[in-house]
1. Any residue in the stretch 128-139 that's over 12 Å from Asp152 (Cα atoms): show its pairings with residues that are assigned to a loop (DSSP other than H, G, I, E, B) at Cβ separation under 6 Å, as long as the two are six or more apart or on different chains.
2. Which of the following residues is touching a helix residue (DSSP H, G or I) at 6+ places or on another chain (Cβ under 7 Å) and among the basic types (Lys, Arg): Arg210, Arg192, Arg252?
3. Find the helices (runs of 4 or more DSSP H) located wholly in the stretch 98-188 whose residues include 2 or more that are under 28 Å from Gly246 (Cα atoms), and list them.
4. Across the stretch 22-61, which residue is surrounded by the most Cβ atoms within 10 Å (Cβ to Cβ) among those that are closer than 18 Å to Ala262 by Cβ and among the aromatic types (Phe, Trp, Tyr)?
5. Scan the stretch 1-58 residue by residue and report those that are modelled with pLDDT of 75 or more and of a type in the set (D, E, K, R).
6. If we scan the stretch 167-183, do we find a residue that is open to solvent by less than 40 Å² (accessible area, probe 1.4 Å) and modelled with pLDDT under 90?
7. Restricting to the stretch 200-244, name every residue that is outside any helix (DSSP H, G or I) and either touching a residue at least 60 places away in the same chain (Cβ under 8 Å) or of a type in the set (S, T, N, Q) (or both).
8. Is there any pair with a first residue in the stretch 42-59 that is at negative phi and a second that is surrounded by 13 or more Cβ atoms within 10 Å (Cβ to Cβ) and of a type in the set (D, E, K, R) whose Cβ atoms are under 7 Å apart and which are 6 or more apart or on different chains, and what are they?
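The values are calculated or read from the model by the stated rules, or taken from the named source; none is laboratory data. Given the structure is predicted, the values throughout are model-derived calculations rather than measurements. Quick reminder, even Gly has a Cβ in these numbers, built from the backbone with ideal geometry, and neighbours come from all protein chains shown. Each accessible area value is taken on the protein alone, full model and side chains, heavy atoms only, with ligands, DNA and RNA left out. Shrake-Rupley method; radii C 1.70, N 1.55, O 1.52, S 1.80 Å.
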Amino acid sequence: MTLVTATPRRRLVDHGAWFLVLPALIPILVLSVGPLLYGIALAFTDAQSGRTEPTQWIGTLNFRDLLHDTLFWDSFRIGLLWAVGVTVPQFLLALGLALLLNQRLRLRWLARALAIVPWAMPEVVVGIMWRLVYNPDAGILNETIRDLGLGDGRDWLSGLATALPAVVVVGVWAGMPQTTVALLAGLQNTPRELHEAAAMDGAGAWRRFRTVTWPAIRPIALAITALNFIWNFNSFALVYVLTNGGPGGRTRLPMLFAYEEAFRYGQFGYAAAMGCAMVAVISIILAFHLAGRLRRGGDET
């Protein structure tokens with residue numbers, strides 16, 4: 001008898017759970033999944049701005065043209081350099097800062113609050129602030145170089161050799177707080193008894209980090225690194241404000257290139273194909289990365 005009445009009750013609970021999920025699911029479907037599917041469909045058309053003729057279905061023509069577009073693949077190479085150049089030092093510096101903030105220091109609460117200040121600032125504000133820092137005439141960086149007698153300074157954001165490294169520095173500074181917070185949360189969940197036991201066994205600081213700390217935060221490190229790589233590769237506002245893709249396309253990230261194709265030249269179908277290509281390539285890279293990391297983690301256990 002109980003089995004007969006339990007099944008309808010369970011179904012009722014399941015339906016109730018769906019009703020609870022719907023308020024969060026509907027915005028995701030409308031604002032994320034819907035535009036994604038529309039963008040994929042748009043990539044197979046010749047959609048352009050200012051056309052009086054109806055949009056035509058052209059199949060894979062946009063993707064075939066994309067394969068031979070050297071400017072796009074050059075921007076893709078720059079995007080990979082940018083993403084790796086920002087993600088790696090971002091993680092290393094955030095790890096060091098998280099380890100420091102996890103210690104019992106005086107005014108630790110103040111240091112933690114100051115560490116997340118860049119995270120609270122909009123990217124446009126960060127870009128404007130760092131443009132002032134890099135200003136060739138009155139920027140604080142060039143003024144410091146002159147005061148130290150190291151030269152007359154340079155135009156960091158307009159130099160062909162310095163534009164991308166200068167923008168990478170800003171990306172690391174702006175994105176480091178969120179990585180620090182994630183790693184600090186992992187460190188605080190690591191039992192101190194494990195560190196104390198390792199110290200009693202004669203383990204030094206490096207050995208305790210390698211055998212106790214790192215295994216505890218490795219899942220968090222893997223997740224935040226993958227997310228940072230995606231966020232950095234898809235970065236737009238920061239680089240747009242700093243250099244607008246210049247000089248000479250040296251900082252033109254794929255998102256900037258797609259933006260120009262869509263909103264400057266009106267090639268909406270071609271720009272949508274760029275977006276699909278970026279999603280596909282980054283998904284493949286991350287799949288290999290995550291599979292390799294998980295395989296190494298399984299071998300170690």
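1. Going by the 6 Å Cβ cut-off, the qualifying pairs are Val133/Gly139; Tyr134/Trp156; Tyr134/Leu157.
2. Numbers: Arg210 fails: touching a helix residue (DSSP H, G or I) at 6+ places or on another chain (Cβ under 7 Å); Arg192 fails: touching a helix residue (DSSP H, G or I) at 6+ places or on another chain (Cβ under 7 Å).
Testing whether each residue is touching a helix residue (DSSP H, G or I) at 6+ places or on another chain (Cβ under 7 Å) and among the basic types (Lys, Arg) leaves just Arg252.
3. On the way: elements: 108-115, 117-120, 123-133, 140-147, 163-188.
Answer list for the stretch 98-188: 117-120, 123-133, 140-147, 163-188.
4. That would be Phe44.
5. Asp46, Arg51, Glu53
6. No; the residues of the stretch 167-183 include none that is open to solvent by less than 40 Å² (accessible area, probe 1.4 Å) and modelled with pLDDT under 90.
7. Filtering the stretch 200-244 down to residues outside any helix (DSSP H, G or I) leaves 201-204, 234-236, 243-244.
Across the stretch 200-244, the qualifying residues are Asn234, Ser235, Thr243, Asn244.
8. Listed by first residue and then by second, the contacts come to Thr55/Asp46; Gln56/Asp46; Ile58/Asp46.
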